[in-house]
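Taking it in order: structure first as structure tokens, then the write-up.
The values are calculated or read from the model by the stated rules, or taken from the named source; none is laboratory data. These numbers were taken from a predicted model, which means no experiment stands behind them. Heads up, the Cβs are rebuilt from the backbone with ideal geometry, glycines too, and the neighbour counts pull from every protein chain shown.
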Ligand SMILES: Nc1ncnc2c1ncn2[C@@H]1O[C@H](COP(=O)(O)OP(=O)(O)O)[C@@H](O)[C@H]1O
Ligand SMILES: O=P(O)(O)OC[C@H](O)CO
């Protein structure tokens with residue numbers, strides 16, 4: 001008899017006879033949804049079912065998924081896998097607990113009350129947020145993409161969830177509205193799944209685990225909580241974010257009326273962290289590389305957070321219980337690995353069947369014939385973090401055949417892995433002596449041999465390609481008491497070994513050439529081009545050039561926006577505009593100022609009797625009163641972490657993001673009625689370089705932004721309409 005105990009929570013079911021406790025895993029990948037059932041004691045996969053997801057690519061560089069399809073697939077896959085169980089003499093009741101592993105960073109916004117997704121999921125590899133990245137970079141000193149790394153471990157890149165959340169708030173009305181009405185919930189796909197499994201609008205749990213949270217760019221790696229400054233910077237309100245939990249604890253019970261009804265949920269891990277656990281890389285110094293659409297190398301650094309100075313990210317590897325310490329990892333993420341094979345199949349039609357043909361075709365030549373393929377389709381991730389890189393195939397000659405190109409695409413995966421290893425060795429100071437690998441693409445023997453040859457270390461391929469689901473089963477089973485982590489630590493993972501067959505000189509010469517190819521791929525996509533590509537015209541801040549002024553002054557943007565806004569001439573308006581300026585000639589300039597460079601504003605409107613003062617939005621008071629403890633850490637908002645906010649366009653902020661309408665002293669921007677204003681006058685008072693300057697602007701009615709009309713209607717003598 002096995003008695004299962006969930007961390008002192010209510011006891012798990014009691015099983016009799018020979019049947020062993022089973023653990024189910026929901027695996028939400030980029031391309032597929034799977035449901036896998038393991039027999040805990042023998043770590044054996046008993047049943048699995050998988051469905052492909054519909055690929056949605058509405059524009060170049062945009063990758064979306066249907067959140068409802070994810071849920072429907074989970075239902076179907078779990079039903080089918082459980083059907084298989086019955087043939088083995090088991091039943092659904094033998095599944096004692098569930099784990100979830102998921103594609104990370106993919107972001108979903110939904111309505112807390114209706115449960116409806118407010119937009120398709122934006123997948124991790126989507127680059128629509130290119131210009132959002134620019135807007136955020138414009139707010140940080142020196143536009144330094146690593147500025148937030150000391151807190152979050154991550155560079156500012158389209159890859160991470162905060163950028164996707166910001167984009168959704170900026171561009172999707174339904175998301176904005178839900179935010180204003182406090183109905184908005186954000187989450188990575190694990191949160192979406194758990195919320196729905198545990199009741200959805202009827203009390204569903206809005207949670208995520210530390211590993212997923214560590215991929216958002218909003219979590220502080222030390223406190224393992226949402227960081228107030230990061231939330232403020234990205235304009236994401238704490239109430240819309242899930243609660244961060246450990247990777248292995250009893251979260252709740254499935255209550256969605258599906259076949260999984262009543263089963264407990266006790267493990268959540270991002271899929272790359274899950275593969276690290278599945279590969280049994282539980283000691284500091286062990287690493288694994290998973291080859292799928294992308295390729296992700298994680299190096300366990302134990303409880304020590306290693307801050308990379310060579311382009312890697314610091315991430316949480318796992319936290320096996322609410323009171324267990326967090327274990328960290330250094331990660332090298334490669335955006336395109338197996339994805340390059342798909343490109344050769346679907347776009348260039350060089351192969352029909354990736355699995356059956358690539359190895360054979362590439363194996364017919366002994367080298368790439370000096371051809372190099374950099375598959376930077378959506379920029380390069382680690383260690384370069386260049387969103388302006390684009391794919392190139394170089395070194396083509398009249399003798400180049402498709403065999404060379406396919407082989408070069410395989411080698412690209414190996415070279416990108418070497419890039420990561422080089423960075424990792426520098427960061428850790430101790431070269432990795434072997435590499436554990438998994439992922440579907442690792443079934444390619446030629447790829448594995450090339451990997452050993454191009455890195456010079458043995459490559460150990462796991463017996464099963466899907467170590468992610470196994471890892472999630474381990475952490476869920478650990479909490480349920482059916483899969484001891486200590487036992488797992490000593491579990492011998494079977495592997496095929498590929499040994500290097502080249503000399504150091506050979507591989508270094510080839511690697512130098514690869515670096516040359518990478519250099520040629522950089523800077524290909526300009527910001528301008530990427531905006532045109534994605535059809536995004538709204539956020540223009542990074543490419544704005546102020547028009548030449550009729551004013552006899554030199555133009556200068558507010559100091560903190562200098563780097564991003566202006567390539568053109570500059571005005572020193574502090575010297576010129578000490579007092580209100582009503583000259584019509586200043587209109588264009590005020591317009592520009594309002595549009596692009598406002599930093600701290602007061603807006604005055606003609607007075608309406610009886611109203612003394614009001615904030616721009618009713619929300620502002622609410623946020624002001626809540627803002628400190630909102631993040632659960634009012635004493636923990638250390639001054640050093642506060643960022644001097646430099647606002648985007650005022651209309652954008654007002655329209656898009658009520659939460660962040662605060663000036664640099666953390667006061668809400670105030671609309672003040674003033675009796676000395678003419679009807680339809682708005683007096684905009686930006687504070688620049690510490691001085692208040694009043695620019696009176698007579699607004700053209702047809703050009704008055706809706707929000708100003710609203711303000712005037714609310715406060716002034718004469719509504720604008
Ligand atoms: N034998 C193989 N040789 C080369 N590439 C492969 C092979 N098997 C799979 N791949 C590639 O690896 C990727 C497998 O991805 P998959 O595991 O389905 O993960 P994901 O969920 O990341 O899409 C696909 O892009 C496929 O083209
Ligand atoms: O689903 P995969 O295997 O492509 O994994 C995606 C990663 O989690 C993205 O960070």
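Some notes on this structure:
- Close pairs (8 angstrom Cβ cut-off, 6 or more residues apart or separate chains): without any contact (Cβ under 8 Å) to a residue 24 or more places away in the chain and farther than 17 Å from residue 291 by Cβ in segment 351-366, within 16 Å of ligand 2 (Cβ to nearest atom) and in a loop (DSSP other than H, G, I, E, B) anywhere: none
- Residue in segment 77-87 that is touching a residue at least 40 places away in the same chain (Cβ under 8 Å), under 21 Å from residue 258 (Cα atoms) and within 16 Å of ligand 1 (Cβ to nearest atom) present: yes
- Count of segment 226-243 residues, restricted to those that are under 22 Å from residue 115 (Cα atoms) and either crowded, with 23+ Cβ neighbours inside 10 Å or modelled with pLDDT under 95 (or both), is 7.
- Qualifying residue in segment 214-222 (condition: within 16 Å of ligand 1 (Cβ to nearest atom) and closer than 21 Å to residue 121 by Cβ): yes
- Among the residues making up segment 110-124, those that are farther than 12 Å from residue 195 by Cβ and not in a loop (DSSP other than H, G, I, E, B) are 121, 122.
- The set of residues in segment 279-295 being surrounded by 24 or more Cβ atoms within 10 Å (Cβ to Cβ) and more than 14 Å from ligand 1 (Cβ to nearest atom) consists of 279, 287, 288.
- Just one of (1) more than 10 Å from ligand 1 (Cβ to nearest atom); (2) in contact with a helix residue (DSSP H, G or I) (Cβ under 6 Å, 6 or more places away or on another chain); (3) at pLDDT below 95 fails for residue 414. It is (3).
- Considering only residues in segment 18-32 that are more than 9 Å from ligand 1 (Cβ to nearest atom) and surrounded by fewer than 18 Cβ atoms within 10 Å (Cβ to Cβ), the one that is nearest to residue 253 (Cα to Cα) turns out to be 19.
- Failed item in (1) in a loop (DSSP other than H, G, I, E, B); (2) at pLDDT below 90, with residue 13 passing the rest: (1)
- Members of segment 398-453 found to be at positive phi and within 16 Å of ligand 2 (Cβ to nearest atom), listed by number: 439
- Counted residues, segment 293-327 - those being within 14 Å of ligand 2 (Cβ to nearest atom) and closer than 17 Å to residue 277 by Cα: 7
- Test: residue in segment 102-125 that is under 26 Å from the mean Cα position of the chain (by Cα), crowded, with 21+ Cβ neighbours inside 10 Å, within 30 Å of residue 20 (Cα to Cα) and within 15 Å of ligand 2 (Cβ to nearest atom): yes
- Filter result (in a loop (DSSP other than H, G, I, E, B) and more than 15 Å from ligand 1 (Cβ to nearest atom)) within segment 376-390: 376, 382, 383, 384, 385, 387, 388, 389, 390
- Any hit, segment 266-288, residues being free of Cβ contacts under 8 Å to residues at least 12 places away in the same chain and either part of a loop (DSSP other than H, G, I, E, B) or in contact with a strand residue (DSSP E or B) (Cβ under 6 Å, 6 or more places away or on another chain) (or both): no
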